[in-house]
1. Look at D68 and say whether it is out of contact with any Pro (no Cβ under 8 Å at 6 or more places or on another chain) and not β-branched (V, I, T).
2. Residue by residue through segment 122-146, note down the ones that are of a type outside the set (F, W, Y) and in contact (Cβ under 8 Å) with a residue 60 or more places away in the chain.
3. State whether the residues of segment 83-105 include one that is acidic (D, E) and assigned to a loop (DSSP other than H, G, I, E, B).
4. Looking only at segment 125-157, count how many residues are at pLDDT 95 or above, over 30 Å from K170 (Cα atoms) and of a type in the set (G, A, S).
5. So, of the residues in segment 119-170 that are among the basic types (K, R) and part of a strand (DSSP E or B), which turns out to be least open to solvent (accessible area, probe 1.4 Å)?
6. Would you pick out the residues in segment 86-112 that are surrounded by 18 or more Cβ atoms within 10 Å (Cβ to Cβ), touching a residue at least 60 places away in the same chain (Cβ under 8 Å) and more than 17 Å from G67 (Cα to Cα)?
7. When the residues of segment 60-83 are filtered to those that are closer than 19 Å to D147 by Cα and at pLDDT below 95, which remaining residue is least open to solvent (accessible area, probe 1.4 Å)?
Amino acid sequence: MPHIMKSRFLIFALAAIVFVACNTETVISPSANFSTSHYRTYTVPNVLGQDSLVRDTITFGDTVRVGDTVRVPIQCNGYYDYLRSITASTDTSKMRVSLMWDEEYNSYLADDADPAHGRLTFVADKVYACNTTIIYVPKASGTHRIDLLLLSAAKEGYSEGAWHFFVPVK
């Protein structure tokens, strides 16, 4: 190939690469990473007839008792897009669920946020990622489902991430 042809081919190849690189848009659905360690707190009567507070570590699928308090740390990430909300939900007649939130960061929460009832709604264009903890307390025995829904500012079809897990309760 003559020298002129090599130069033109090289220029054309570089122009094509630049065009492709400038016209791509990265879109990623939001994600949640659950800790494999869940922290359970419960009371046990001791030999003096008084209740002792017990704390231990459990994992997904371990059976808990009615009245136990379990904390599940999670990391939520919107990647290139802001998070809009994080919602943890369950059948409230069988289990109480909430999301831990440090009041120091209340300026990032929208007015309709309700951490005590499992809903963090964020002020627009403020939060790309969030560490929080799902806290649940079973009210009845059985197997109960907890759902987690993340919404981000990503374009339609990529703006939602949903997960669930089951809690065996005796």
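The values are calculated or read from the model by the stated rules, or taken from the named source; none is laboratory data. Being a predicted model, the structure only gives us computed values, none of them experimental. Because the Cβ atoms are built from the backbone with ideal geometry, glycine has one as well, and the counts that use them run over all protein chains shown. Areas reflect the complete protein model, heavy atoms only, side chains present, ligands, DNA and RNA absent. Shrake-Rupley method; radii C 1.70, N 1.55, O 1.52, S 1.80 Å.
1. Details: out of contact with any Pro (no Cβ under 8 Å at 6 or more places or on another chain): no; not β-branched (V, I, T): yes.
No.
2. Across segment 122-146, the qualifying residues are T133, I134, I135, V137, P138, K139, A140, S141.
3. yes
4. Residues that pass the stated criteria total 4.
5. Filtering first and then ranking leaves R119.
6. I86, T87, A88
7. G61
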